[in-house]
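Below you'll find the structure, written out as structure tokens, and then a few comments.
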Amino acid sequence: MRRVLSFVAMSAVLTGCLARGPGTAVPYPPHVAAIPVTMPATAPAIAQQFIPLTPTGQPGHMGIDVADATGTPVIAAAPGVVTISLYEPAYGNRIVIDHGKDSTGRRVQTLYFHLAARQAEVGQRVARGAPIGTLGETGLLSSYPHLHFEYHREVEPGARVRSGNNWWQGMVQEDPNGNWVDGPGRVTCYRGQSAPADKITYPVVCRGSSSPGLTAP
């Protein structure tokens, strides 16, 4: 556990973790193949970028961190069915949504960690943009209010899953910035649009955006 915590602290320094405010995103560290990121001015900051595992399987940061105030609404990044909704010590309140299969027949899911509160239960079907919880800092691996958000896709048949990936479900973590509705690197706030279920909108509500039953300040 100490090794994981020290890596999180180190990577926060390397990425300039904590962005300055809405519409900002910290850079990828120099050793990572970066996706150029364009942020809407109303989108809460990306405070840490996706960092893949090294070829030798050393730890990475397998999602993005979205920083905002505790209690900020967290919303479903795409339509799907909630498969996990629980609290566990390391990552706090966690929700997982299964979005079905992409155009190649591979299953896609998104994961939401460190929630202050969970508002969706296992088996519940949620629309894109539907409130599923609130941003927080629960769990031992959180040191400031943020959403750790991951995007997983089922491995291709016959592909080898590297050690450290979510191999037990046959899933591999991908950089969320490669899967936005508006295109790679173009962070997309939810504004009622429809799109294929494997393409995502921002999982934290943007200023002036709305979702079913929810209006952002």
Any idea which of VAL81, VAL74, VAL66 is surrounded by fewer than 19 Cβ atoms within 10 Å (Cβ to Cβ) and not in a loop (DSSP other than H, G, I, E, B)? VAL81
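Yes/no per residue for (1) over 22 Å from THR110 (Cβ atoms); (2) part of a loop (DSSP other than H, G, I, E, B); (3) at pLDDT below 60:
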position: LEU5; (1), (2), (3): yes, no, yes
position: CYS17; (1), (2), (3): no, yes, no
position: PRO27; (1), (2), (3): yes, yes, no
position: ILE35; (1), (2), (3): no, yes, no
position: ALA41; (1), (2), (3): yes, yes, no
position: ALA47; (1), (2), (3): no, no, no
position: PRO55; (1), (2), (3): yes, yes, no
position: PRO59; (1), (2), (3): no, yes, no
Has the range 155-167 got any residue that is of a type in the set (Lys, Arg), assigned to a loop (DSSP other than H, G, I, E, B) and at pLDDT below 95? yes
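Here is a yes/no grid of residues against (1) without any contact (Cβ under 8 Å) to a residue 12 or more places away in the chain; (2) buried (at least 24 other Cβ atoms within 10 Å of the Cβ); (3) among the basic types (Lys, Arg):
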{"position": "THR42", "(1), (2), (3)": "no, no, no"}
{"position": "GLN48", "(1), (2), (3)": "no, yes, no"}
{"position": "THR54", "(1), (2), (3)": "yes, no, no"}
{"position": "ASN93", "(1), (2), (3)": "no, no, no"}
{"position": "ARG106", "(1), (2), (3)": "no, no, yes"}
{"position": "GLN119", "(1), (2), (3)": "no, no, no"}
Which residue, of TYR151, TYR112, TYR144, is at pLDDT below 95 and not hydrophobic (A, V, I, L, M, F, W, C)? TYR144
Does VAL66 satisfy the condition of being at pLDDT below 95 and closer than 22 Å to TYR144 by Cβ? no
If we ask which residues in the range 101-140 are of a type outside the set (A, V, I, L, M, F, W, C) and part of a loop (DSSP other than H, G, I, E, B), their number turns out to be 14
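The values are calculated or read from the model by the stated rules, or taken from the named source; none is laboratory data. Small disclaimer: the values here were computed from a predicted structure and weren't measured. Reconstructed Cβ throughout: ideal geometry from the backbone, glycine too, with neighbour counts over all protein chains shown.
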